[in-house]
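Asker: Structure in structure tokens, see below.
The values are calculated or read from the model by the stated rules, or taken from the named source; none is laboratory data. Predicted model, so just to flag it, every value in this text is computed and none were measured. Cβ: placed from backbone, ideal geometry, glycine included. Neighbour counts: every protein chain shown.
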Amino acid sequence: MTHQSLLRQITDYTNRADPYPLYKELRKTPVLHEGDGGPYLVSSYWDILNLLHDPRISSDAANLAAAGADEMGGAETGLPPSFIRQDPPEHDRLRRIANRPFGPPHSPDKIESMRGELAEIVSELIDGLGETRQIDVVDQFAYPFPVTVICRLLGVPREDEPRFRAWVDPIVASLDPDTGREDAERRSAAQEARMQLGMYLAQLVEQRSKKPTGDMLSELVTSHGPDGPMTTMEVLSTAVLLLIAGHETTVNLITNGMLTLLRHPEYLERLRDDPRLSVNIVEELLRYEPPVQLVPQRTCIADIEVRGITIPKGSRIWLMLAAGNRDPERFKDPDRFDPDRGDIQHLGFGSGIHSCFGAPLARLEAQIALSELARRLDNPHLVEDPPPYRQNAVLRGPRHLRIGFDGLR
Ligand code: HEM
């Protein structure tokens with residue numbers, strides 16, 4: 001296997017159902033670089049963790065564009081990059097303002113207070129399955145659940161989902177790193193979609209600035225804390241980020257979770273008897289089948305040495321989170337799904353200043369979703385294994401997950 005083929009294989013769809021043998025290959029070369037201005041790939045746990053905390057690694061969209069990546073999210077879309085594509089101090093200021101509705105920094109209280117509401121949405125979805133004995137977990141459960149939640153949290157009308165889904169799909173498709181000829185087309189479709197989504201959200205933001213309704217859009221647009229207000233454009237970029245990040249990843253966590261539990265029925269059974277096991281199951285899933293497989297949007301803003309290899313200033317760098325999560329230097333028996341392992345410090349939510357903003361919500365959603373599926377579905381089983389996957393290599397998960405069961409409990 002040549003290195004050239006290794007890099008291409010990451011986006012190659014044939015590896016989507018099981019990319020882990022490929023990641024094992026990648027870990028053999030601590031810093032993989034194919035030349036020609038291509039990215040430097042880092043795949044070992046400790047190296048990734050160090051780099052996620054290294055201020056010489058930039059998330060700034062402008063640095064990435066200067067490094068030759070086909071970057072969207074810049075000025076040409078009419079919306080400034082959101083804080084996931086910015087460095088301090090701007091990143092920190094915007095993230096702090098976005099966090100204000102959640103109370104003191106990192107307080108899970110607001111999220112914990114949503115537990116009852118989340119459980120109700122889950123019950124309604126499961127009750128709504130009716131008399132059927134076969135479902136698609138993605139379309140009938142794992143997608144509608146987080147969409148409903150993020151819509152309520154932000155204050156976006158749930159019934160508008162078909163409208164914004166048409167814009168979200170091309171934006172998500174563009175998150176995949178370069179795949180060749182059709183890139184320019186993909187990029188311009190994504191730019192157009194981001195602008196449309198921004199314009200749609202602008203109407204809602206305008207309404208809320210006149211008449212706040214207590215939701216997150218209202219809070220963002222009326223926030224006047226120590227960091228000052230966000231500009232309208234900053235509110236829109238933040239809302240686009242939260243709307244997309246809020247459901248496109250969680251759908252995969254829930255679906256990967258159900259798939260993994262059906263492949264390891266002993267845990268499904270244990271979960272049915274004890275919903276508290278969902279905490280460890282979700283953490284182990286974030287290690288074993290992480291919904292965000294890699295972070296390909298980083299640039300070195302100084303020469304950086306990793307294991308004796310110098311990554312030159314101005315290079316793009318891909319941090320292979322899912323490869324780090326299976327690194328035998330870090331985790332014993334890493335290819336085993338083992339929610340009982342004592343130490344599960346995975347990279348599934350990233351780490352450092354950009355670590356996932358929505359982690360407490362995503363965790364709670366997945367814990368409730370999986371424990372309720374385990375409790376309510378009688379004798380569930382997979383109809384096809386492996387299931388068909390979504391095209392996306394970065395946000396990886398099944399497009400459909402058809403399962404059969406004997407009825408609802
Ligand atoms: C950042 C994963 C759910 C909002 C991240 C990052 C990862 C991640 C790996 C780091 C990206 C980087 O370093 O560049 C996930 C996974 C989720 C999930 C696996 C579900 C299972 C959510 C939810 C929300 C959210 C529900 C919103 C409510 C964000 C935001 C950032 C982020 C705003 C950017 C943080 C920053 O740049 O400071 N997420 N996420 N995520 N996530 Fe999540």
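Asker: If His346 satisfies all but one of (1) within 12 Å of the ligand (Cβ to nearest atom); (2) out of contact with any Gly (no Cβ under 8 Å at 6 or more places or on another chain); (3) in a helix (DSSP H, G or I), what's the number of the condition it fails?
Answerer: Going through the list (1) within 12 Å of the ligand (Cβ to nearest atom); (2) out of contact with any Gly (no Cβ under 8 Å at 6 or more places or on another chain); (3) in a helix (DSSP H, G or I), His346 breaks only (3).
Asker: Name the helices (runs of 4 or more DSSP H) wholly within region 43-127 that hold at least 3 residues that are at pLDDT below 95 and touching an Asp or Glu at 6+ places or on another chain (Cβ under 7 Å)?
Answerer: Helices (runs of 4 or more DSSP H) meeting the threshold: 61-66.
Asker: OK, next. If you check Asp327 against the conditions, is it over 30 Å from Asp378 (Cβ atoms), away from the ligand (no atom under 16 Å from the Cβ) and touching a helix residue (DSSP H, G or I) at 6+ places or on another chain (Cβ under 7 Å)? Spell out how you get there, then give the answer.
Answerer: Values: over 30 Å from Asp378 (Cβ atoms): yes; away from the ligand (no atom under 16 Å from the Cβ): yes; touching a helix residue (DSSP H, G or I) at 6+ places or on another chain (Cβ under 7 Å): yes.
So Asp327 passes the test.
Asker: Would you point out which residue out of Val394, Val383 is among the β-branched types (Val, Ile, Thr) and either closer than 18 Å to Leu286 by Cβ or within 22 Å of the chain's Cα centre (by Cα) (or both)?
Answerer: Val394
Asker: Quickly run through region 231-251 and pick out the residues that are part of a helix (DSSP H, G or I) and within 9 Å of the ligand (Cβ to nearest atom).
Answerer: Applying the first criterion (part of a helix (DSSP H, G or I)) to region 231-251 yields 232-248, 250-251.
Passing the criteria: Thr238, Leu241, Leu242, Leu243, Ile244, Ala245, Gly246, His247, Glu248, Thr250, Val251.
Condition check ((1) under 26 Å from Pro21 (Cβ atoms); (2) at pLDDT below 95; (3) buried (at least 20 other Cβ atoms within 10 Å of the Cβ)) across all residues:
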position: Val279; (1), (2), (3): no, no, no
position: Ile317; (1), (2), (3): yes, no, yes
position: Asp327; (1), (2), (3): yes, no, yes
position: Arg341; (1), (2), (3): yes, no, no
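Asker: Being within 16 Å of the ligand (Cβ to nearest atom), touching a Pro at 6+ places or on another chain (Cβ under 6 Å), closer than 15 Å to Asn256 by Cβ and at pLDDT 95 or above is the requirement here; does Ala322 meet it?
Answerer: Answer is yes for this residue.
Asker: Select from region 248-277 the residues that are under 19 Å from the mean Cα position of the chain (by Cα) and not hydrophobic (A, V, I, L, M, F, W, C) and write down the one among them that is surrounded by the fewest Cβ atoms within 10 Å (Cβ to Cβ).
Answerer: Selected residue: Thr260.
Asker: Going through region 270-318 one residue at a time, which ones are touching a helix residue (DSSP H, G or I) at 6+ places or on another chain (Cβ under 8 Å), away from the ligand (no atom under 16 Å from the Cβ), farther than 22 Å from Ile10 by Cα and among the β-branched types (Val, Ile, Thr)?
Answerer: Ile304 - this is the single residue of region 270-318 that is touching a helix residue (DSSP H, G or I) at 6+ places or on another chain (Cβ under 8 Å), away from the ligand (no atom under 16 Å from the Cβ), farther than 22 Å from Ile10 by Cα and among the β-branched types (Val, Ile, Thr).
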